[in-house]
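The values are calculated or read from the model by the stated rules, or taken from the named source; none is laboratory data. No experiment lies behind these values; they were computed from the predicted model shown. Note that each Cβ is placed from the backbone with ideal geometry, even for glycine, and that neighbours are counted across all protein chains shown.
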Amino acid sequence: MKSKKKKNDAVSSKQSKLLSKAVTSKKTVLKKNLTLWYDNADAKMALNISDSTLSRLRKAEKIPFLKIGGKYYYPRDYFEKSMLHQVQNKHLITRA
């Protein structure tokens, strides 16, 4: 009877470890995906603008955004491409 309990505990422990690894992997993937997007604070900092200016840009559809649950997100690529067009001495930039 005790050996059956130990076996069940071992199986339960293995399942718990696998579940923990799966959750950690999912969190890592989500974290990586979130780095593809800026929130309001990141967007304002990247563009050096105020809340109201960012709001006007959204309303005028001059900036791409995604709204999830009342929070706005902006594609990071948009800022990188926008800033790259403004860079002087572009020939010094090396792409990996």
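Contact map, the range 52-66: first residue closer than 21 Å to residue 77 by Cβ, second residue of a type in the set (A, V, I, L, M, F, W, C) and not in a helix (DSSP H, G or I), Cβ cut-off under 9 Å, separation 6 or more or different chains; pairs are 54/63; 57/49; 57/63; 57/65; 58/65; 66/37. Considering the range 1-91, the qualifying helices (runs of 4 or more DSSP H), each wholly inside and each with 1 or more residues that are loosely packed, with under 10 Cβ neighbours inside 10 Å and at pLDDT below 60, run over 2-34.
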